[in-house]
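Okay, so here's the structure we're looking at.
The values are calculated or read from the model by the stated rules, or taken from the named source; none is laboratory data. On a predicted model such as this, the values are computed, not experimentally measured, just so you know. Note that we place each Cβ from the backbone using ideal geometry, even for glycine, and neighbour counts take in every protein chain shown.
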Amino acid sequence: MNNLLQLPPLSLYIHYPWCLKKCPYCDFNSHDSEVQDGYIKALLKDLDEDLKYVQQREISSIFIGGGTPSLMNVKEVNDLFIGLNDRLDFASNIEITLEANPGTFEVDRFAEYRNVGINRLSIGVQSFNDKQLKFLGRIHSASEAQNAIVEAQNVGFENLNIDLMYGLKGQSIDECMNDITTAITLNPSHISFYQLTLEPNTLFSKFPPSLPSDDYIWKVGKRGSELLNKKGFHQYEVSAYSAIPSKHNMNYWEFGDYIGIGAGAHGKITDVASNKIMRTLKTKSPKDYLLSVRKNKQTSSAKAVENLSFEFMLNSLRLIDGFDPELYESRTGQPIELLSQQLREAENLDLLDIKTHKIKPTQKGYSFLNDLQACLLYTSDAADE
């Protein structure tokens, strides 16, 4: 790498690993065991160890994910944000997102979340069909989900995401369109619309449900995407639709930096001085994580990113509008010319458009994104030498 490398924007990811019930499709680091005391103190102590990665930058966005972080009580959230504000400089327009489960007992906490500075909610609805919610192992009903969204808006959450799944067992196209229409009627600012996949080490992986055919799922996804775009929810990433993209999402896809704290949290850090980009990973087990923090033992491992060009493409090619060549150079430290051969080959396969000022997937490339990424994976090692 060379002096092309620049410090990108910095975000913060906070992982809360507990939930009331582990969903059968979930492969995240989440546990339905009893919540353990001292987690907020551990998070802040964890952050203290990572303050060296800030490098005088403001925090542009925060995402609190899980698990179900909306299980945190008001005192825990207050203590967390007092600690964050004492240690970090927040950008004046910072986006702070909390993942929330629409269970009825959590709705009363939305006002308190807003008061401490959380200004965006991501609500895991998944479906407004009670039959599908039961299939997905969700603990809320369709009416509870709608009530939670309305209540969140009533206490001031104008920036709000709704998660919706498609490709569900026995789901018709009309049922999926009804989910989308219901979500749009609730007037969120953002909708995440994504396919159910059977991930390893999940209950659905061990006992696979009968799902629609790939062709049928593709038709459902296409119809859903068309409806969302028609209603003003413009697709800006594989599964993200909004007139205003999420800052935190965009920082991920544009290969920005983020500190990750909490059990199993990942991070990505640029060190211009050493010309390195690092991936960090925290101890995964909540019990082991807490024990390590309490005993002042190492909770984090760090590893240099070896294949920068591929990792950048793996993220940025998910964006509908692609990326500027200058962004590639500033985030990887590599001249875009080193990838000329690979990019031309992808263009010849009608997977990539490089005729404009941006490099972006064609319609075919976006439909076969794995093929496009594999094409770059095959040849990108040479660019990193």
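Screening region 116-146 for residues that are in a helix (DSSP H, G or I) and of a type in the set (A, V, I, L, M, F, W, C) and picking the one that is farthest from residue 242 (Cα to Cα) gives 135.
Take residue 324 and decide whether it is over 15 Å from residue 8 (Cα atoms) and either modelled with pLDDT of 90 or more or surrounded by 21 or more Cβ atoms within 10 Å (Cβ to Cβ) (or both). Steps first, please.
Numbers: over 15 Å from residue 8 (Cα atoms): no; either modelled with pLDDT of 90 or more or surrounded by 21 or more Cβ atoms within 10 Å (Cβ to Cβ) (or both): yes.
No; evaluated as a whole, the condition is false for this residue.
Collect the residues in region 95-106 that are hydrophobic (A, V, I, L, M, F, W, C) and either crowded, with 20+ Cβ neighbours inside 10 Å or part of a loop (DSSP other than H, G, I, E, B) (or both), keeping them in residue-number order.
Our first condition is that a residue be hydrophobic (A, V, I, L, M, F, W, C); within region 95-106, this holds for 96, 98, 100, 105.
Across region 95-106, the qualifying residues are 96, 98, 100.
Filtered by the rule that a residue be more than 22 Å from residue 251 (Cα to Cα) and either outside the structural domain of residue 101 (by TED's automatic domain parsing) or part of a loop (DSSP other than H, G, I, E, B) (or both), region 3-28 gives 17, 19, 20, 21, 22, 23, 24, 25, 26, 27. Of the numbered criteria (1) under 30 Å from residue 49 (Cα atoms); (2) at pLDDT below 95; (3) of a type in the set (A, V, I, L, M, F, W, C), the one residue 105 fails is (1).
Taking the residues in region 302-345 that are of a type outside the set (D, E, K, R), over 25 Å from the mean Cα position of the chain (by Cα) and not in a loop (DSSP other than H, G, I, E, B) as candidates, determine which candidate is farthest from residue 250 (Cα to Cα).
Applying the first criterion (of a type outside the set (D, E, K, R)) to region 302-345 yields 302, 304-305, 307-310, 312-317, 319-320, 322-323, 325, 327-328, 330, 332-336, 338-343.
Within this subset, residues satisfying the condition of being over 25 Å from the mean Cα position of the chain (by Cα) are 334-336, 338-343.
If we keep only those that are not in a loop (DSSP other than H, G, I, E, B) too, we end up with 336, 338-343.
Details: 336: 21, 338: 25, 339: 23, 340: 25, 341: 27, 342: 25, 343: 23 Å.
Checking each candidate, the answer is 341.
Scanning region 176-210 for residues that are among the aliphatic types (A, V, I, L, M) and either in a helix (DSSP H, G or I) or in contact with a Gly (Cβ under 6 Å, 6 or more places away or on another chain) (or both) returns 177, 180, 183, 184, 196, 203.
Please go through region 249-264 and give me each residue that is within 16 Å of residue 54 (Cβ to Cβ) and either modelled with pLDDT under 95 or among the aliphatic types (A, V, I, L, M) (or both), ordered by number.
Selection gives 259, 261.
Residue-by-condition table, conditions (1) surrounded by 17 or more Cβ atoms within 10 Å (Cβ to Cβ); (2) in a helix (DSSP H, G or I); (3) in contact with a Lys or Arg (Cβ under 8 Å, 6 or more places away or on another chain); (4) not hydroxyl-bearing (Ser, Thr, Tyr):
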residue	(1), (2), (3), (4)
51	no, yes, yes, yes
55	no, no, no, yes
63	yes, no, no, yes
70	yes, yes, yes, no
78	no, yes, no, yes
81	yes, yes, no, yes
91	no, no, no, yes
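Residue pairs whose Cβ atoms lie under 6 Å apart, separated by 6 or more positions or on different chains, with the first residue in region 1-27 and closer than 22 Å to residue 206 by Cβ and the second among the charged types (D, E, K, R) and part of a loop (DSSP other than H, G, I, E, B), are 19/32; 21/32; 22/32; 27/199.
Residues checked against (1) surrounded by 18 or more Cβ atoms within 10 Å (Cβ to Cβ); (2) touching a Phe, Trp or Tyr at 6+ places or on another chain (Cβ under 7 Å); (3) under 30 Å from residue 250 (Cβ atoms):
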| site | (1), (2), (3) |
| --- | --- |
| 179 | yes, yes, yes |
| 198 | no, yes, yes |
| 201 | no, no, yes |
| 205 | no, no, no |
| 208 | no, no, no |
| 222 | no, no, yes |
| 229 | no, no, yes |
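The set of residues in region 153-167 being at negative phi and under 21 Å from the mean Cα position of the chain (by Cα) consists of 157, 158, 159, 160, 161, 162, 163, 164, 165, 166.
To keep it simple, each residue is scored yes or no on (1) touching a strand residue (DSSP E or B) at 6+ places or on another chain (Cβ under 9 Å); (2) in contact (Cβ under 8 Å) with a residue 60 or more places away in the chain.
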{"residue": "112", "(1), (2)": "no, no"}
{"residue": "117", "(1), (2)": "yes, no"}
{"residue": "120", "(1), (2)": "yes, yes"}
{"residue": "126", "(1), (2)": "yes, no"}
{"residue": "130", "(1), (2)": "no, no"}
{"residue": "138", "(1), (2)": "yes, yes"}
{"residue": "144", "(1), (2)": "no, no"}
{"residue": "147", "(1), (2)": "no, no"}
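Name every residue in region 213-244 that is outside any helix (DSSP H, G or I) and either modelled with pLDDT under 95 or among the basic types (Lys, Arg) (or both), in order of residue number. Those that are outside any helix (DSSP H, G or I) and either modelled with pLDDT under 95 or among the basic types (Lys, Arg) (or both): 231, 238, 243, 244.
Here is a list: 348, 370. Which entry is at pLDDT 80 or above, under 28 Å from the mean Cα position of the chain (by Cα) and surrounded by fewer than 16 Cβ atoms within 10 Å (Cβ to Cβ)? Don't jump to the end; show me each part of the working.
Numbers: 348 fails: under 28 Å from the mean Cα position of the chain (by Cα).
After ruling out the rest, the residue left standing is 370.
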